[in-house]
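S.K.: Below is a structure I'd like to ask you about.
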Amino acid sequence: MNKKVDPANGLNGTIKLPPDKSISHRSVMFASLHEGQSVIRNFSAAADPHSTIECMRGLGVTIHEDNSTVEVEGVGREGLQAPQGDLDCGNSGTTMRLLSGIIAGAGVSARLVGDESLSARTMKRIIDPLTEMGAEINAREDDFAPLEISRPRPIKPLHFPLPIPSAQLKSCVLLAGLFGNEQTEVIETLSSRDHTERLLSLTIEEKDGQKHIYSSQKDDIPEQTYRIPNDFSAAAFWLVAGAIHSNAEITLPNVGMNPTRFGALDILKRMGADVTVSNEHDEGAEPVADLSIVSSALQPVNITEEIVPNCIDEIPILMIAMLYADGVSRVSGAEELRHKETDRLSAMAEVLERAGADFTEHEDGFEIKGNHDFVPESTSFKSYHDHRIAMSAAILSLMGDQSSQILHAECTAISYPSFWDDLLLLTN
Ligand code: S3P
């Protein structure tokens, strides 16, 4: 499906954002490992968290869905069953990587498959530590899905300094560690999203500027009854749209404000974005607030390696903000973007190229020369079937002087099923 996006005269309104995708995945996995019922409210309707629900059902967990409320009859750590067929993780890296940790830990045998994009993403980063912990994993070319996982021996604890600042890798190892007699220790130098640690109340020690995170069989797995905040990563699209458009006022209620997630908010503020944060409070283990944005005059900014894990999913849309900042902005240390649903650096290079932007692509980032009255030239943008590329190109298209087409626009349903409706709501 292609989507036509018309230039916007204004962007005004209040958006009910989709629930947080990362927390939705974890809530249903951890509720399954808790012994007893959990009730999760405001669960995401997006495709990725539903891949997780189907996989947990495949492992023998009963899960009821009623609109955005999900009830999980948790079976406890010992209760997972070997699935009858493949566990289909769809497009979701979080499902495949976190579930691999659970399956290896639980010692059930399972085969995990994914779509074309997920089957092309490296799994070596999780295969190596899980193998050290005692799992046997057969992977295509030792690296890619399908993954056949079994664990003939008890799980061994691991002392694991993270080689890359990835929350999926961190969570995978900690989840396998939950099944070990002795403590597994993951050491993190650059903080990545910490939803796993918060929702499982894991022990964390700060030493020499590093976080040491522990998990073992002795950790209780808490009931996962709470309301999931709305997704900051989805909010970022409208924060940028509001900042770059000359006639905008957008309100975004109940947005997750986890400090390991809102790097993009800090960056936009540094750029001069006129954002207001109000009604700050906690929902369960996560901080939440209402955000609003109005048209802003943006300054250039540098995004460097240490902040990349806190805005990893927002870099494509931040690059659109950079196009509207008067001067040269830079992104470096972001090579990891080449390993997402698509190679997001080269996909964004194509979007910028087609838009007629002044930019240079590097192996680990970009240099972008922006100006506040930039008008994109192109009338058609490829999404590469990647939700975040499609949505970034759509926001850019709002700034054109003629209609544009976004190709394979249905991929937005991976994280944000109501994106196109929300776009219409703001422009009408
Ligand atoms: C996620 C972690 C990030 C992020 C992904 C969701 C998670 O991946 O890009 O969209 O829920 O843990 P990495 O941790 O591999 O960078």
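The values are calculated or read from the model by the stated rules, or taken from the named source; none is laboratory data. These figures come from a predicted structure and were not determined experimentally. Don't worry about glycine lacking a Cβ; one is built from the backbone with ideal geometry, like all the others, and counts go over all protein chains shown. Calculation scope for accessible area: heavy atoms of the full protein, side chains included, ligands and nucleic acids excluded. Shrake-Rupley method; radii C 1.70, N 1.55, O 1.52, S 1.80 Å.
S.K.: Could you give me the residue pairs with C-beta distances under 7 Å whose first residue belongs to the range 36-50 and is under 11 Å from TYR226 (Cβ atoms), whose second residue is assigned to a helix (DSSP H, G or I) and of a type in the set (A, V, I, L, M, F, W, C) wherever it lies, and which are 6+ apart or on separate chains?
M.R.: Note: pairs meeting the criteria are SER38/ALA31; ILE40/VAL28; ILE40/ALA31.
S.K.: Mind listing whichever residues of the range 135-144 are more than 20 Å from PRO83 (Cα to Cα) and either in a loop (DSSP other than H, G, I, E, B) or of a type in the set (Val, Ile, Thr) (or both)?
M.R.: GLU141, ASP142, ASP143
S.K.: Out of the residues in the range 302-345 meeting the condition of being open to solvent by 10 Å² or more (accessible area, probe 1.4 Å) and within 18 Å of ALA243 (Cα to Cα), tell me which one is nearest to the ligand (Cβ to nearest atom).
M.R.: Applying the filter and picking the extreme gives ASN302.
S.K.: Which members of the range 95-117 meet the condition of being within 15 Å of the ligand (Cβ to nearest atom) and buried (at least 24 other Cβ atoms within 10 Å of the Cβ)?
M.R.: Of everything in the range 95-117, those that are within 15 Å of the ligand (Cβ to nearest atom) and buried (at least 24 other Cβ atoms within 10 Å of the Cβ) turn out to be THR95, MET96, ARG97, LEU98, LEU99, SER100, GLY101, ILE102, GLY114.
S.K.: Can you find even one residue in the range 234-249 that is in contact with a strand residue (DSSP E or B) (Cβ under 6 Å, 6 or more places away or on another chain), open to solvent by 40 Å² or more (accessible area, probe 1.4 Å) and not assigned by TED's automatic domain parsing to the domain that holds GLN168?
M.R.: yes
S.K.: Give the number of residues within the range 157-174 that are more than 11 Å from the ligand (Cβ to nearest atom) and open to solvent by less than 20 Å² (accessible area, probe 1.4 Å).
M.R.: 3
S.K.: I'd like to know if the range 353-374 contains one or more residues that are in contact (Cβ under 8 Å) with a residue 40 or more places away in the chain, crowded, with 18+ Cβ neighbours inside 10 Å and closer than 30 Å to PRO19 by Cβ.
M.R.: No, that holds for no residue.
S.K.: State yes or no: is GLY400 in contact with a strand residue (DSSP E or B) (Cβ under 9 Å, 6 or more places away or on another chain), part of a loop (DSSP other than H, G, I, E, B), within 27 Å of GLY93 (Cα to Cα) and not assigned by TED's automatic domain parsing to the domain that holds THR95?
M.R.: Judged against the criteria, GLY400 is not a match.
S.K.: Checking LEU147 against (1) assigned to a strand (DSSP E or B); (2) open to solvent by 30 Å² or more (accessible area, probe 1.4 Å), which single condition isn't satisfied?
M.R.: All conditions are met except number (2).
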